[in-house]
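Notes to accompany the following structure.
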Amino acid sequence: MILFIASKVDIAGLNIAGKLIELFGFREIGERLFGNPSYSLTLRNLEEARLAFVDDEPVQTQSLPYPKDLRMVIFISRHSSRSGTPTLSVHTPGNIGDAMLGGVPRKVSISPASAMKAALLEMAKARDEMGLPYEVSYECTHHGPSLDLPAIFVELGSSVEQWRDSRAAEAVARGAMAAAVNERIYPAALGLGGQHYNEKFTRMALSGDVAFGHMIPKYALPDLDEYMLRQCVSRVVEPVEKAILDWKGIRGADKENLLRLLKIVGLKIEKV
């Protein structure tokens with residue numbers, strides 16, 4: 001089963017959920033999930049998709065009683081940034097270091113790299129088709145929850161104006177559904193360095209075959225040790241074939257240690 005989760009306190013999440021119901025035909029069923037009404041849809045491969053609502057913020061869903069038969073959780077939510085740039089984004093949740101915003105310290109969720117790429121591609125397609133003035137971007141792995149199952153956030157940002165944008169919510173709903181129904185497996189990579197919204201990794205995924213799993217930005221590299229590096233490699237659905245380094249986006253003081261760790265783990269290295 002695929003589970004879509006929106007928060008009742010999240011304007012954007014509710015907006016996107018409404019578009020999932022409108023565009024794809026989710027129907028309310030009698031079964032409540034997390035104490036709220038839930039919706040169901042049979043996907044084209046006959047797998048069930050459920051749409052559920054939670055009372056708390058999506059990042060604070062670590063201890064939810066998740067159904068046991070889940071193949072993937074897709075959180076549909078708002079995105080906030082100080083810049084306020086209109087953005088459609090996707091990322092895996094989890095914490096490289098401390099748990100500053102939900103989840104578990106030094107634990108990342110399992111990253112479905114191919115599903116994330118499918119969401120990224122579909123949001124870019126929808127953006128272009130509808131002429132939306134939005135950036136489409138990967139975000140690096142951050143915030144809770146830290147789940148032992150494949151999980152992604154597909155987000156609409158970055159301020160109230162965008163959270164209420166019905167057409168942008170449609171683009172995010174399309175991206176979330178593309179992740180749910182994706183059947184193509186792409187070669188997966190670990191992304192290291194650069195900014196939180198890594199334009200290089202996004203561009204590579206939009207124009208080529210590579211799909212990024214966990215992405216660790218420049219600011220989080222001091223928290224990366226062998227344990228966390230191995231975790232970020234192993235907790236990806238697809239086999240991680242290489243580490244792609246945003247070389248100019250890595251502090252000189254971190255480069256030597258990073259190369260040492262990658263050698264220990266045995267990952268191929270590609271610098272971009």
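Some points to look at:
- Ordering of 259-266, 160-167 by packing is 160-167, 259-266, highest average first (other Cβ atoms within 10 Å, averaged per residue).
- Based on every Cα atom in region 1-100, Rg and the maximum pairwise Cα distance Dmax equal 14.2, 42 Å.
- Estimated vicinal HN-Hα couplings, Hz - region 35-52 in sequence order (Karplus 6.51, -1.76, 1.60; Gly, Pro = x): x, 10, x, 10, 10, 9, 8, 8, 6, 5, 8, 6, 6, 7, 10, 10, 10, 10
- Spatially proximal lysines relative to LYS218 (Cα-Cα < 30 Å; intrachain offsets below 8 disregarded): LYS107, LYS117, LYS125, LYS200, LYS242, LYS248, LYS255, LYS263, LYS268, LYS271
- Qualifying lysines (Cα of each under 16 Å from Cα of LYS19; at least 8 residues distant if same chain): LYS8
- Working note: 222 nm ellipticity from helices only, DSSP H runs with n ≥ 4, each -39,500 (n - 2.57), summed and divided by the residues of the chain, gives -9500 deg cm²/dmol to the nearest 500.
- Coordinate range of the alpha-carbon atoms in region 22-166 per principal axis, descending: 39, 39, 28 Å.
- The HN-Hα couplings worked out from phi for region 56-70 by the Karplus form 6.51 cos²θ - 1.76 cosθ + 1.60 (θ = phi - 60°) are 9, 5, x, 5, 9, 10, 4, 9, 4, x, 4, x, 7, 9, 7 Hz, whole numbers, x standing for Gly and Pro.
- Here the chain is treated with +1 on each Lys and Arg Cβ and -1 on each Asp and Glu Cβ, and its dipole about the Cα centre works out to around 560 debye.
- Whole-percent P(r), region 82-121, all Cα pairs, 10 Å bins from 0: 27, 34, 39, 0.
- The chain: DSSP helices with Cα axial extent of at least 18 Å and average Kyte-Doolittle hydropathy no lower than 0.5: 11-24, 166-181
- Take each peptide in 132-145, 13-26, count the other Cβ atoms within 10 Å of every residue, and average; sorted highest first, the result is 132-145, 13-26.
- Convex hull volume of the chain per residue (C-alpha atoms, cubic angstrom): 117
- Amide H contacts of VAL108: ASN95, each under 5 Å away and 5 or more positions distant or on a separate chain (H built 1.01 Å from N in the peptide plane; Pro and chain starts excluded).
None of the figures in this text is laboratory data; all of them are computed from the coordinates on show. This one's a predicted model, so the numbers in the text were calculated from it and none came from an experiment. As a convention, Cβ positions derive from the backbone with ideal geometry for all residues, glycine included, and neighbour counts pool all protein chains shown.
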